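Each remark here refers to the structure printed beneath this line.
The values are calculated or read from the model by the stated rules, or taken from the named source; none is laboratory data. The structure presented is a predicted model; accordingly, all values stated were derived computationally and were not measured. Cβ placement follows ideal geometry from the backbone for every residue including glycine, while neighbour counts extend to all protein chains displayed. These area figures cover heavy atoms from the full protein model, side chains too; ligands, DNA and RNA do not enter into them. Shrake-Rupley method; radii C 1.70, N 1.55, O 1.52, S 1.80 Å.
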Amino acid sequence: MGYYDKIAQGYNGLYKEEQRKKLSIIKKNIKINKYTKILDVGCGTGISSDFNCYVVGVDPSIELLRQNANNKILGFAENLPFKDGSFDYVISITSMHNFKNVKKSINEIKRVGKDYFVFSVLKKSKKFGFIRKLIQKSFKVRQVVEEDKDAVFFCQKLKNHKLYI
């Protein structure tokens, strides 16, 4: 049983307000409509999936997903079970530092996303610098919003950009 399965019952108590704050920043900086398709990678209990459009979440914690009332799939960022270009936006809120293979995850996120991406990255993570550089190499960073604990990257797909191998 993983860390998030162990803390699942108390997850919302620990992180709900923090996640809502980041979600509010994201909502203020993206344009969606009821036809927009969003993939939420690392969706957990579904706090970060609260958009007025079609949203699917993916998370490796079955215990967090049991609390998630939205469309969700048990899975890993490194192997997303979707066709190329399936989503208008791919978001990942404070979860990238938990990915087993960040490079592979970013490749998968790019593959399933059409054009727009939002990543909230924990600034105190030991992987922050590495993740920031990967995001900057992999996407056109349109804006970075500094939040208390995270940096929120608003990105667009680079044209004619190859995936990492």
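Taking label points 7 Å from Cα along the Cα-to-Cβ direction, Lys83 and Ile62 give a separation of 3.0 nm. Per residue, the chain exposes an accessible area of 54 Å² to a 1.4 Å probe, with every protein chain left in place. Is the shape of the range 52-141 best called rounded, prolate or oblate, per the rule: a/c under 1.5 gives rounded, else a/b larger than b/c gives prolate, else oblate, with a ≥ b ≥ c the square roots of the Cα gyration tensor eigenvalues? It comes out oblate by the Cα gyration axes.
Leaving out ligands, DNA and RNA, and with a 1.4 Å probe, what % of the accessible surface on the chain is carbon or sulfur? Show your work: numbers first, answer last.
Details: 4520 of 8940 Å².
That share works out to 51 percent.
Rounded to the nearest 10 degrees, the angle from helix 102-112 to the longest Cα principal axis of the chain is 80 degrees. Against the main long axis of the alpha-carbon atoms of the chain, helix 11-29 sits at an angle near 30°. Using the average count of surrounding beta-carbon atoms within 10 Å as a protection proxy, the listed peptides 104-110, 131-137 rank, highest first, as 104-110, 131-137. Over the chain, the fraction of Cα-Cα pairs per 5 Å bin, rounded to whole percents and listed from the shortest bin up, is 2, 9, 19, 24, 23, 15, 6, 1, 0.
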